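Colleague: Got a structure for you, questions after.
The values are calculated or read from the model by the stated rules, or taken from the named source; none is laboratory data. Just so you know, these numbers come straight off a predicted model, no measurement behind them. Here the Cβ positions follow ideal geometry from the backbone for every residue, glycine too, while neighbour counts run over all protein chains shown. Keep in mind that these areas ignore ligands, DNA and RNA; they rest on the heavy atoms of the full protein, side chains included. Shrake-Rupley method; radii C 1.70, N 1.55, O 1.52, S 1.80 Å.
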Amino acid sequence: MSDQTHDKGGLKATFNEWAQDIAGQMEKTLAELLPSSNTPPTRLHDAMRYATLGGGKRVRPMLAFAAADVSAAPRERVRIVAAAVEMIHAYSLIHDDLPCMDDDVLRRGRPTCHIEFDEATALLAGDALQAMAFQVVSTHSLTEEAANQIELIRLLAEACGSRGMAGGQAIDLASVAQDISLPELEHMHMLKTGALIRVSVMMGALCGRNLTATQRQKLDHYAKCVGLAFQVVDDILDCESNTERLGKTAGKDQGANKPTYVSLLGLNPAKQFADELLQDAHQSLQIFGVAAQRLHELADFIVRRDY
Ligand code: GRG
């Protein structure tokens, strides 16, 4: 792919140009959708904006936009579902950083929400962001058929709930200092991190034309592989990288005696596992041809990233 092309949002742009374009669109869309800082209750709205704007890799929005290419979904719709997913993600990070959970002081290179504001405000900011995500998905027209829009909302609810992200977090908290097996670790991460990644892909695609059952299954398999690979790489970076590069406290999992892919498999086998998941992800995209270009690139980015 040429580095000299300037089609920022389209397939001719380089991956970096495309990623920057999406990050810019996300910042603008979230800034518009979130209540302004001078709308009462101002401290709560300030905290919601603090936790959502001005940082993050925006991996989930990128996945939604990339998946939208395979169903030719209008970008105007995709930016709304991507913003909703990012609100859920921001809420999960705020709550995860609270003293009753991971108790962390640094996120995206800045003080965590409860340090910058206070615990009660952080808790409420997370609650309000979660509610707002559903408000946004239900008040915009995002699909050709109404039934598909209901499905978007249902999928998002499932990904957030006790059999998705919140359930994964509960298993994570219960597994500290426990001997858990590899399948148990995988199940925990498929819920905690994987569910939101999976739904980002599916929601992006559902904004466009209907996919066949096989296409849907292949896309979901891609998302599962990438979701798990994301977590394996997160575990690797937790031991190999540093706090400055990550923008969050490095070495946290080991310090907290949490089971990880590195603690269960060892560093090199964990890297090999991430590579196997990457190959599997690429394989499952074959039926989409060139429309899956960004999904391929994103899988590479997720596994090869160093932050
Ligand atoms: C509190 C219900 C509830 C859930 C929390 C997502 C989560 C569940 C906890 C986050 C803990 C964590 C650090 C998990 C590792 C993988 C992960 C989700 C990392 C953060 O996501 P990135 O790297 O963050 O996409 P940025 O800042 O780039 O948006």
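Colleague: For LYS57 and THR139, FRET efficiency with R0 = 22 Å and r from the beta-carbon atoms, rounded to 0.05?
Modeller: Efficiency for this residue pair is about 0.20.
Colleague: To continue, here is another question. Quick query: amide H of ARG107 versus all other amide H atoms, modeled in the peptide plane; which residues come in under 5 Å with a sequence gap of 5 or more or a different chain?
Modeller: For ARG107, the qualifying residues are THR112.
Colleague: What full-extension length gain, to one decimal in nm, is calculated for ASP103 and ALA131 as 0.36 nm per residue of separation minus the Cα-Cα distance?
Modeller: Numbers: separation 28, 0.36 × 28 = 10.08 nm, distance 2.35 nm.
Gain on stretching ASP103 to ALA131: 7.7 nm.
Colleague: What list of ³J(HN,Hα) couplings, whole Hz, do you get for the stretch 158-174 from phi and the Karplus terms 6.51, -1.76, 1.60, once you set θ to phi - 60° and write x for glycine and proline?
Modeller: 4, 5, 8, x, 6, 9, x, 4, 5, x, x, 5, 5, 5, 4, 5, 6
Colleague: Sum -39500 (n - 2.57) across every DSSP H segment of at least 4 residues in the chain, then divide by the residue count to get the 222 nm mean residue ellipticity, nearest 500. All intermediate terms of the calculation are to be shown ahead of the outcome.
Modeller: Values: 16 runs with 204 residues, N = 307.
My calculation for the chain gives -21000 deg cm²/dmol from helical runs alone.
Colleague: Give me the percent relative contact order of the stretch 74-217, please, defined on Cα pairs under 8 angstrom at least 6 residues apart.
Modeller: Working: 141 pairs, mean separation 39.9, N = 144.
Computed value for the stretch 74-217: 28 percent relative contact order.
Colleague: For a protection proxy built on the mean count of beta-carbon atoms within 10 angstrom, sort 278-286, 72-80 highest first, please.
Modeller: Details: 278-286: 17.1, 72-80: 18.7.
The most tightly packed comes first, giving 72-80, 278-286.
Colleague: Given a 1.4 Å probe, how much area per residue of the chain is accessible, in Å²? Don't skip to the end; give the middle numbers.
Modeller: On the way: 13480 Å² over 307 residues.
That works out to 44 Å² for each residue.
Colleague: Send over the semi-axes of the stretch 92-251's equivalent ellipsoid, whole angstrom and largest first, taken as the square roots of 5 times the C-alpha gyration tensor eigenvalues. Show your work: numbers first, answer last.
Modeller: Numbers: eigenvalues 169, 89, 41 Å².
Semi-axes (√(5λ), whole Å): 29, 21, 14.
Colleague: Among the listed pairs LYS28/LYS248; LYS192/LYS258; LYS12/LYS218; LYS192/LYS224; LYS57/LYS192; LYS192/LYS252, which are separated by more than 21 Å between their Cα atoms?
Modeller: Details: LYS28/LYS248 24 Å; LYS192/LYS258 14 Å; LYS12/LYS218 25 Å; LYS192/LYS224 12 Å; LYS57/LYS192 18 Å; LYS192/LYS252 17 Å.
Table pairs above 21 Å Cα-Cα are LYS28/LYS248; LYS12/LYS218.
Colleague: Can you compute the modelled spin-label distance between ALA72 and GLN254, with each label point 7 Å from Cα toward Cβ, in nm?
Modeller: A separation of 5.2 nm, rounded to one decimal place.
Colleague: Something else: Extension gain ASP275-THR39, at 0.36 nm per residue separation less the Cα-Cα distance, in nm? Intermediate values should be presented prior to the final figure.
Modeller: Working: separation 236, 0.36 × 236 = 84.96 nm, distance 4.72 nm.
Additional length available on full extension: 80.2 nm.
Colleague: Assuming R0 = 22 Å, can you tell me the calculated FRET efficiency for the pair LEU182 and ARG216, based on Cβ-Cβ distance, to the nearest 0.05?
Modeller: Details: r = 28 Å, r/R0 = 1.26.
The calculated FRET efficiency here is 0.20.
Colleague: Report the Cα centroid-to-centroid distance between the stretch 36-51 and the stretch 71-86 in angstrom, as an integer.
Modeller: 24
Colleague: When only Cα pairs under 8 Å and 6 or more residues apart are kept, what is the percent relative contact order across the stretch 1-144? Numbers along the way, then the final one.
Modeller: On the way: 166 pairs, mean separation 31.2, N = 144.
Relative contact order for the stretch 1-144 comes out at 22 percent.
Colleague: Net charge around LEU30, counting only other residues with Cβ within less than 9 Å of its Cβ (Lys, Arg = +1; Asp, Glu = -1)?
Modeller: Working: positive: LYS28, ARG49; negative: GLU27, GLU32, GLU86.
So the environment of LEU30 carries a net charge of -1.
Colleague: Over the Cα atoms of the chain, each weighted equally, I'd like the Debye log10 I(q)/I(0) at q = 0.13, 0.16 Å⁻¹, rounded to two decimals.
Modeller: Log10 of I(q)/I(0), two decimals: -0.93, -1.45.
Colleague: Determine the sum of side-chain charges near THR243: Lys and Arg each +1, Asp and Glu each -1, restricted to other residues whose C-beta is under 15 angstrom from that of THR243.
Modeller: On the way: positive: ARG107, ARG108, ARG110, ARG245, LYS248, LYS252; negative: ASP97, ASP102, ASP104, ASP234, ASP238, GLU240, GLU244, ASP253, ASP306.
Surrounding charge for THR243 is -3.
Colleague: Quick one: length gained pulling ALA146 to PHE15 fully straight, 0.36 nm per residue minus the C-alpha distance?
Modeller: 43.8 nm
Colleague: Follow-up question, since we're still on this one. Quick check: net charge around CYS113, other residues with Cβ under 14 Å of its Cβ, Lys/Arg +1 and Asp/Glu -1? Before the final figure, lay out each step's value.
Modeller: Values: positive: ARG43, ARG49, ARG107, ARG108, ARG110, LYS248; negative: ASP46, ASP96, ASP97, ASP102, ASP103, ASP104, GLU116, ASP118, GLU119, ASP127.
So the environment of CYS113 carries a net charge of -4.
Colleague: Using the Karplus curve 6.51 cos²θ - 1.76 cosθ + 1.60 with θ = phi - 60°, what ³J(HN,Hα) values do you get for each residue of the stretch 251-259, in whole Hz, with x for Gly and Pro?
Modeller: Whole-Hz 3J(HN,Hα) from phi for the stretch 251-259: x, 5, 5, 4, x, 8, 6, 9, x.
Colleague: When the solvent-accessible surface of protein heavy atoms is calculated with a 1.4 angstrom probe, in what order do LYS248, LYS258, LYS28 fall, highest first? Before the final figure, lay out the partial values.
Modeller: On the way: LYS248 55, LYS258 25, LYS28 130 Å².
Output order, biggest surface exposure first: LYS28, LYS248, LYS258.
Colleague: Let me ask another. Which percent of the accessible area of the chain is formed by carbon and sulfur heavy atoms (probe 1.4 angstrom)? All intermediate terms of the calculation are to be shown ahead of the outcome.
Modeller: Details: 7050 of 13480 Å².
Here it works out to 52 percent.
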